[in-house]
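Here the structure is laid out as structure tokens; the discussion comes afterwards.
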Amino acid sequence: MVNTASPAWAALIAHHQKLGKKHLRDFFADDSGRVASLSLSFEDILYDFSKQRLTRETLDLLIKLAEASSVAGYIQRMFDGERINVTEDRSVLHVALRRSSAPFPGARMDVMPEVLATRARMAQLAELLRAGHGLGNPGTVIRDVVNIGIGGSDLGPKMVNQALRSLAHPALNVHYVSNLDGAQLAPLLQTLDPRSTLFVLVSKTFTTQETLLNAETARNWLKANLGEDVNLGDHFVAVSSRPERAAAFGVSPDRVFPIWDWVGGRYSLWSAVGLSLMIAIGPHAFDELLHGAERMDEHFRTAPFAQNLPVIMGLIGLWNTNFLGATTHTVLPYNESLKYLPSFLQQLEMESNGKSVSIAGGPVGSETCPIVWGELGNNGQHAFFQLLHQGGRLVPCDFIASVRSDYPLPGHQEALLSNCFAQSSALAFGKTEDEVRESMEKERVAPEQIASLVPHRVFAGNQPSSTLLLKSLSPATLGALVALYEHKVFVQGAIWGINSFDQWGVELGKAVASRILPAFADPSLASAFDPSTQALLAFCREQS
Ligand code: F6P
């Protein structure tokens, strides 16, 4: 539980009152060294948070809050392999998945032998497929790999696959299928040749309805096209912590890759859950991704809080949520390759910290995770940015861009970056009434028109944002970026006193869905449900 009565919290409240409604224009006017003191860099990542509504003093007070909340000890406990996921009685060791050396977390419990052995098996399979071989008879070739998984078994690998698509194998098409809606799988199957298709079934639990139904449809499609006696082992591999369930489905036991209970689904792209990704980009690029994340892990573990990117990023989010009152946070990549990053971060942040009960079981006592959303920034400009600029709501933003493009076209990258920088600047500084009037006068607009239009053309500004500027979207830099967000979430969870590693909130809907499903076949069951559900079921019956 957050101790909102603690001296550290009280000092932040007092500090917030002192700052009042101070505008970013004034923050910048008051401190010429603001950008230097409110930005950090780590390897090829520049993190500029000078356009946040805070000062160096704010950061010092936030750091005191982190110290008072034992964040350092909590970090150490994670790296030591303690069972900090208390509601599931599990360690939280996704950081092990990025490492290359044993023992880790310690000699008493060393997970590295299985991590490294699994990574080697993945690389072997990826190399085989990338060299143009199949899993079956000599001469078979795999051309299409279909990853079937959902949530953490989909979003991470798909996001990174898209981000690093410039490195993807030219003769292997990797697809991601997650949705129960047949509109995702059916059209894809129409484009595939069953003889050269491999399905990668990814489910930590191997009980997830979406994944199992899509897998079953894939199996039926193979049988329908290649005959009932098709060797399923040639077309399926699986990733699961329940290998016996994958084997029961028909996957050869030697083609099941393990994951472990100490890897949370949304933290699992670094494990065998990233198998389809590794097949696409190759083991070497996958290793670079891991190394980038591992270096961020070391930075997170060892850097003093004032220089520690994940700690500072977490504290800034906390300042916006708990002291400025933001209820939402938007992620705006200015890089087409990062188009799935907002959905990945939605799961990472909201499934981890979208909780109001503390580790001890009581109310948290403060707001927790904001509503995270986002979209490619350049597209968003012509859609929802209107609200960010003039909607009057506080919406802190993360702008993310890379200096170099993987797809350079003359003039494009500079134009893209100037839009990125322009938006954060316009959101921060706005345009005053005087400035609007002055520019309209210069355009020789008639005075009565000026009078009527000025209120519509004023930009209040003061919308806080940070910019993460990457040198390029290399695998290592992307790995570091993703690990940065993972640890940011960790820091916030530690201060809010919640368990960021369980997700009980997803269970109720699953249970209710499994009770509703039989009512489609047997209408007499509908009466057990609430009146709204009954009416929806009745409409389906009438219309089908
Ligand atoms: O329903 C939520 C969830 O459990 C996520 O936490 C997880 O990433 C996803 O479903 C998929 O779970 P699994 O990998 O077990 O199929």
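Of all residues in segment 357-374, those that are outside any strand (DSSP E or B) and on the phi < 0 side of the Ramachandran plot total 10. Scanning segment 494-515 finds no residues that are part of a strand (DSSP E or B) and farther than 26 Å from ARG295 by Cα.
Scanning segment 421-442 for residues that are closer than 15 Å to HIS456 by Cα and assigned to a helix (DSSP H, G or I) gives GLU433, ASP434, GLU435, VAL436, ARG437, GLU438, SER439, MET440. Across segment 229-271, the qualifying residues are those that are of a type in the set (Val, Ile, Thr) and assigned to a strand (DSSP E or B), and the one among them that is nearest to the ligand (Cβ to nearest atom) is VAL239. For PHE459, the requirement of being within 16 Å of the ligand (Cβ to nearest atom) and touching a strand residue (DSSP E or B) at 6+ places or on another chain (Cβ under 6 Å) is not met.
Here the condition is being more than 25 Å from LEU484 (Cβ to Cβ) and touching a Phe, Trp or Tyr at 6+ places or on another chain (Cβ under 6 Å); of VAL141, VAL146, VAL92, it holds for VAL146 alone. Across segment 72-105, the number of residues qualifying as among the hydrophobic types (A, V, I, L, M, F, W, C), part of a loop (DSSP other than H, G, I, E, B) and farther than 11 Å from ASP502 by Cα comes to 3. The residue that is farthest from PRO342 (Cα to Cα), counting only those in segment 444-491 that are of a type in the set (Val, Ile, Thr) and assigned to a helix (DSSP H, G or I), is ILE450. For first residues located in segment 526-538 and outside any helix (DSSP H, G or I), partners that are surrounded by 12 or more Cβ atoms within 10 Å (Cβ to Cβ) and small (Gly, Ala, Ser) and lie 6+ apart or on another chain with Cβ distances below 9 Å form the pairs PHE529/ALA519. The listed residues are ALA306, ALA326, and the only one of them that is in contact (Cβ under 8 Å) with a residue 60 or more places away in the chain, part of a loop (DSSP other than H, G, I, E, B), more than 16 Å from the ligand (Cβ to nearest atom) and more than 23 Å from ASN161 (Cβ to Cβ) turns out to be ALA326. Residue-level analysis places SER418 among those that are closer than 22 Å to SER472 by Cα and hydroxyl-bearing (Ser, Thr, Tyr).
Quick one: in segment 187-227, of everything that is among the hydroxyl-bearing types (Ser, Thr, Tyr) and farther than 24 Å from THR140 by Cα, which residue is surrounded by the most Cβ atoms within 10 Å (Cβ to Cβ)? So the residue we want is SER203.
Hey, can you tell me all the residues within segment 292-310 that are farther than 18 Å from SER70 by Cα and surrounded by fewer than 16 Cβ atoms within 10 Å (Cβ to Cβ)? Correct list: GLU298 only.
Tally time: how many residues in segment 334-350 are in a helix (DSSP H, G or I) and surrounded by 23 or more Cβ atoms within 10 Å (Cβ to Cβ)?
6
Here, each number is a calculation from the coordinates, and none is a lab measurement. Keep in mind the model is a prediction, meaning the values are calculated, not measured. Quick reminder, even Gly has a Cβ in these numbers, built from the backbone with ideal geometry, and neighbours come from all protein chains shown.
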